[in-house]
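For reference, the structure discussed in these notes is given below.
Since every read-out is calculated from the coordinates, none of them should be taken as a lab result. All of these numbers come straight from a predicted model, not from anything done at the bench. Heads up, the Cβs are rebuilt from the backbone with ideal geometry, glycines too, and the neighbour counts pull from every protein chain shown.
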Amino acid sequence: KIMVSLTTLCFFVLAVGVLILDGTWLDLKVDEGLSSMLGPDSGSGKGHRKNASLMLLIKSALSLSAALLSATLIFPGLRLARSYLDALKRSGIVEKMFSQLSFICPLLLVLLWVRPLTTDLLFPAGGEPLLSWLSLAQFEHIRLLLVVQFCALRFVMSRSHLQQYLHSAHKRIGVHRRLVARFTSAKFSNTVNTVNGSLAIVALQYFCPVITLLACVVLQHSLGSYSWTGDYLQVPAASVADSKSPRFFSRVPLALSALFPAVFFRGILTFYTVWLLLSFAVSTCLGFLYASYTDR
């Protein structure tokens, strides 16, 4: 409980810092999305104070939700780092290469949203784009596709991750044999059954964060009015009553699009996408340091 509470507080401070850096160092566009939802700001008077208060309240809620989300990723990150170290010791060259790529990909993907490294470099303000054939909408689409490929890589590496966890039974048996003078067959079977019984929990800890990240990307692609060609879709204004589909879930995107503009969804869902990647990187790095220290 102390560890989860401490990490939640640290992640909350980190989330506040991420939202402060948005627009100058990060390309999340949260302020742009909130401004599109709250309406134009007059710059003075009661309307300005109201918009500023609402933006502060929404950003506080975003920071708190992001911190709670990251707190749930601490233990999966610790276990993933342990499996990563075990894979480096037992696996072949190809599996080691994919394990290294899966471990470092979240940090590399986060760098795609750092403005001085990507947006400001490729699309300088008041100047010609560095690549004439690449538009800003296409670049944002490419970032989303890279995140989808990272999720696919995590799914491919799931067998290796679960296999490394099953191999931990052998390590536990070796520890028990050194600590206990009489290691009976009952203790042996109990250790193996404990590892096998926890396999479903380990699988959930591995798949749930990846599925959450993939859901954020899919929602950002649909609600953010992206097209598969890399351009923004011009969604016409429509009401839920105009929809001919009898299914409820087919009306949900239309209802959300009628309530909030696409820029709002781009900003909010981009924040959660980048935050999940950053949480993956931080939790696995902490787990790597912890596992390296305990292996001494």
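On the basis of the beta-carbon distance and an R0 of 30 Å, LEU121 and THR72 show a calculated FRET efficiency of 0.30.
Could you tell me the calculated FRET efficiency between LEU286 and SER189, based on Cβ-Cβ distance and R0 = 30 angstrom, to the nearest 0.05?
The pair LEU286/SER189 has a calculated efficiency of 0.35.
Taking K and R as +1 and D and E as -1, what net charge do the other residues with C-beta under 14 Å from the C-beta of LEU109 add up to? That works out to 0.
Here the calculated FRET efficiency for LEU136 and ALA61, from their Cβ-Cβ distance with R0 = 25 Å, stands at 0.30, rounded to the nearest 0.05. With K and R counted +1 and D and E -1, the other residues having a Cβ less than 11 Å from that of VAL202 yield a net charge of +2. Extension gain, ARG90 to LEU6, is 26.9 nm, computed as 0.36 nm per intervening residue step minus the present C-alpha separation.
Under 5 Å between amide hydrogens, built in the peptide plane, is the criterion, and for LEU26 it picks out ARG115 among residues at least 5 positions away or on other chains.
Each residue of segment 145-153 was assigned a 3J(HN,Hα) from its phi angle through the Karplus expression (A = 6.51, B = -1.76, C = 1.60, θ = phi - 60°), giving 5, 5, 5, 4, 5, 5, 4, 5, 5 Hz with x at Gly and Pro. Scanning residues 5 or more positions from TYR226 or on other chains, those with amide H under 5 Å from its amide H are LEU233, with H placed 1.01 Å from N in the peptide plane. Between PHE207 and VAL13, the simple spin-label model (points 7 angstrom out along Cα→Cβ) gives 3.7 nm.
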